[in-house]
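Down below is the structure, laid out as structure tokens.
The values are calculated or read from the model by the stated rules, or taken from the named source; none is laboratory data. Computed from a predicted model, the values in this text were never measured in an experiment. We place every Cβ from the backbone using ideal geometry, glycine too, and count neighbours over all the protein chains shown. Surface areas here come from the heavy atoms of the whole protein model, side chains and all, with no ligands, DNA or RNA. Shrake-Rupley method; radii C 1.70, N 1.55, O 1.52, S 1.80 Å.
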Amino acid sequence: MTTVDLGTFDTPVLVCGGAYGNLQALEALAAYQSETGIPGSHVIHTGDAVAYCAETEAATQFIATRGWHSIKGNVEEQIAAGAQDCGCGFEEGSACDVASARWYAHAVSTLSPASKAWMAALPSHLTFQMSGLRARVVHGSVNQTNRFMWASLPEADFASELDASAADLVIAGHTGIAFTRFVGRRCWHNSGSLGMPANDGTRRVWVSVLSPASSGITISHHALEPDVHTAAAAIRRDGLPTGYADGLETGLWPSLDILPQTERTATGHALSLDGASFRLARQVIAAE
């Protein structure tokens, strides 16, 4: 795994999870970036530029040409390796596994050589500092790109990963559902995916903003409402699994087979994170 250090951020950073080939969601993100005045050098994408949605080439180039930072998700890893499947970690034969064969083949066949080369050159992790705290950006977990780190996992799972990260804050993706969880004075943060709603019965997708503060880092979740109908129409036009088109419009995932019971029970219940803020305090540094 390769890691790129971004140095120190003294102004806010905008974070998004997998774009999943959803061009309209990326356009909504760019509009939010412009509204907040956050420069492209302060935007981080946590991997899986392509997946369920149809606009694979346009979405990849949208990310690649704006000066945003991105890491390899499992999809980028697999495409760069010339693999035959997405490596998402779905159970063999499950609904998600069957559907992934179709969208992954579509991505491989529609991406340009330039976009595939861009994916291959991405780092696996990013690191940076803010307010004297250390952050590591991963896709799934610190040592496993396709591990699903659900909010409901036992604290020991997060503690182990945070130990491996050599960081005070881990920023991750892959699960598609936004959350922030503290383990002692350390924090695991998932902005949620950009390209697909959070299975909460709304059409919203999620991003987050990390801001330096006098006592540490403020982490806030924010919902965006992209043009889901255009994205859904592109899925149907290209003959991709229509469950994902329906999911964009209903806010409900076409299959729940990857979800633990806690997250499964939350299906259709609107996330209440919009504008919610969390504070990661600097005194964790004293542990050094």
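List of remarks:
- Failed criterion for Ser220 (all others in (1) touching a residue at least 24 places away in the same chain (Cβ under 8 Å); (2) out of contact with any Phe, Trp or Tyr (no Cβ under 8 Å at 6 or more places or on another chain); (3) closer than 22 Å to Leu153 by Cα; (4) among the hydroxyl-bearing types (Ser, Thr, Tyr) hold): (2)
- Pairing residues of the stretch 223-250 that are closer than 24 Å to Leu271 by Cα and in contact (Cβ under 8 Å) with a residue 60 or more places away in the chain with residues that are assigned to a helix (DSSP H, G or I) and among the acidic types (Asp, Glu), at Cβ distances under 6 Å and at least 6 apart in sequence or on separate chains, gives Val228/Glu249.
- For the stretch 1-55, taking the residues that are in a loop (DSSP other than H, G, I, E, B) and among the charged types (D, E, K, R), the one that is surrounded by the fewest Cβ atoms within 10 Å (Cβ to Cβ) is identified as Asp10.
- Among (1) open to solvent by 70 Å² or more (accessible area, probe 1.4 Å); (2) not in a loop (DSSP other than H, G, I, E, B) - the single one Asp274 does not satisfy: (2)
- Residues of the stretch 251-270 classified as open to solvent by less than 60 Å² (accessible area, probe 1.4 Å), in contact with a Cys (Cβ under 8 Å, 6 or more places away or on another chain) and farther than 14 Å from Met196 by Cα, total: 1
- Residue within the stretch 57-70 that is open to solvent by 10 Å² or more (accessible area, probe 1.4 Å), of a type in the set (A, V, I, L, M, F, W, C) and part of a loop (DSSP other than H, G, I, E, B) present: yes
- The criterion of being modelled with pLDDT under 95 and open to solvent by 30 Å² or more (accessible area, probe 1.4 Å) holds for Arg185.
- Unmet requirement for Pro123, which otherwise passes all of (1) open to solvent by less than 40 Å² (accessible area, probe 1.4 Å); (2) touching a His at 6+ places or on another chain (Cβ under 7 Å); (3) not polar (S, T, N, Q): (2)
- Taken together, Gly201, Gly247 contain a single residue that is at pLDDT 95 or above, open to solvent by 20 Å² or more (accessible area, probe 1.4 Å) and not aromatic (Phe, Trp, Tyr), which is Gly201.
- The residue that is surrounded by the most Cβ atoms within 10 Å (Cβ to Cβ), among those in the stretch 204-216 that are hydrophobic (A, V, I, L, M, F, W, C) and under 19 Å from the mean Cα position of the chain (by Cα), is Val205.
- Members of the stretch 134-164 that are under 18 Å from the mean Cα position of the chain (by Cα) and of a type in the set (S, T, N, Q): Ser141, Asn143, Gln144, Thr145, Asn146, Ser152
- Positions within the stretch 152-172 being open to solvent by 40 Å² or more (accessible area, probe 1.4 Å), touching a residue at least 24 places away in the same chain (Cβ under 8 Å) and of a type outside the set (Ser, Thr, Tyr), in sequence order: Glu155, Ala166
- Yes/no for Glu77 being outside any loop (DSSP other than H, G, I, E, B), acidic (Asp, Glu) and more than 17 Å from Phe9 (Cβ to Cβ): yes
- Near pairs, Cβ below 7 angstrom, 6+ apart or cross-chain, from the stretch 94-122 (modelled with pLDDT under 95) to any residue that is part of a helix (DSSP H, G or I) and surrounded by 13 or more Cβ atoms within 10 Å (Cβ to Cβ): Ala99/Gly243
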